[in-house]
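Student: Before anything else, here's the structure in question.
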Amino acid sequence: MKKTIIMAALGLAASAVSSYGQGSVIFSSYSANGTAGVATYLGLGGSTTTIPSSFHADLYAVAGAFSDPVNTSVSTSITALPAAGLTDLGILGVTYSQSYNGLNYFNSGPVATPTPTGAGITFEVVAFNGSSYANSTVRGRSGSFTMASLNAAPAPLNHLGDNGQPFPVMYVTSVPEPTTLALAGLGGLASLVALRREEPQRA
């Protein structure tokens, strides 16, 4: 009986050590980038319309440097799923608020992340109007940004974009309908066929 209790205690200690070894970051757009903050807008790049407070935020991450850019002028790029190399940290219930200087920010506490490597750690933030990013009709992603390192507890924890690449301004927009994408593809194909037909015949 005593042996069982001791083994259980050792197991809990090992678990605590492994979780302590993880990275941690403050999940907040309000205090990101050295407290400068990152607003999220409704529309394509350049929009100044803030999103409703009904939106949620989530975080993807991977240890090391990783590239998953976003083109904020293209709706299919903004609404795309984060690249397969990034892991959804499954942060639930983080919502936006309009109480910060009239703009919409999310402002949550520390979250556990993969342990950073010598190349740091890469994050991607997503915002969405449904129960998850994948099933939302209006959504957007920040694109990837890599932080050089994360402070370990008990030191003050880093906020998103505190060192390395900054957390970029975000945009959300409607997910294009599959029929719209199909029609765009057919239009492009028709243009190529028309151009090919117009090519002069060689003698």
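Values quoted throughout were computed directly from the atomic coordinates according to the rules given, and no laboratory measurement underlies them. Values in this document were obtained by computation on a predicted structure and should not be read as measured data. Reconstructed Cβ throughout: ideal geometry from the backbone, glycine too, with neighbour counts over all protein chains shown.
Student: Could you list the square roots of 5 times each eigenvalue of the Cα gyration tensor of region 23-190, that is, the equivalent ellipsoid semi-axes, sorted largest first and rounded to whole Å?
Tutor: 28, 19, 13
Student: What order, most packed first, do the peptides 64-73, 33-42, 121-130 have when packing is the mean number of other Cβ atoms within 10 Å of each residue?
Tutor: Averaged packing, sorted descending, gives the order 121-130, 33-42, 64-73.
Student: Of the beta bridges DSSP finds with both residues in region 23-190, what % are antiparallel, to the nearest 5?
Tutor: Values: 29 of 33 bridges.
Roughly 90 percent of the DSSP beta bridges within region 23-190 come out antiparallel.
Student: Estimate the FRET efficiency between N135 and A112 by the formula 1/(1 + (r/R0)^6), using the beta-carbon distance for r and 25 Å for R0, to the nearest 0.05. Could you put the intermediate results ahead of the total?
Tutor: Working: r = 25 Å, r/R0 = 0.99.
Computed FRET efficiency for N135 and A112 comes out at 0.50.
Student: Something else about it: Which of T49, S144, F128 sits closest to the plus end of the dipole of region 23-190, meaning its Cα is farthest towards the positive end, when Lys and Arg get +1 and Asp and Glu get -1 on the C-beta?
Tutor: Of the listed residues, the answer is T49.
Student: Charges only on Cβ, +1 for Lys and Arg, -1 for Asp and Glu: so what's the dipole of region 23-190 about the Cα centre, in debye to the nearest 20?
Tutor: So the magnitude is around 120 debye.
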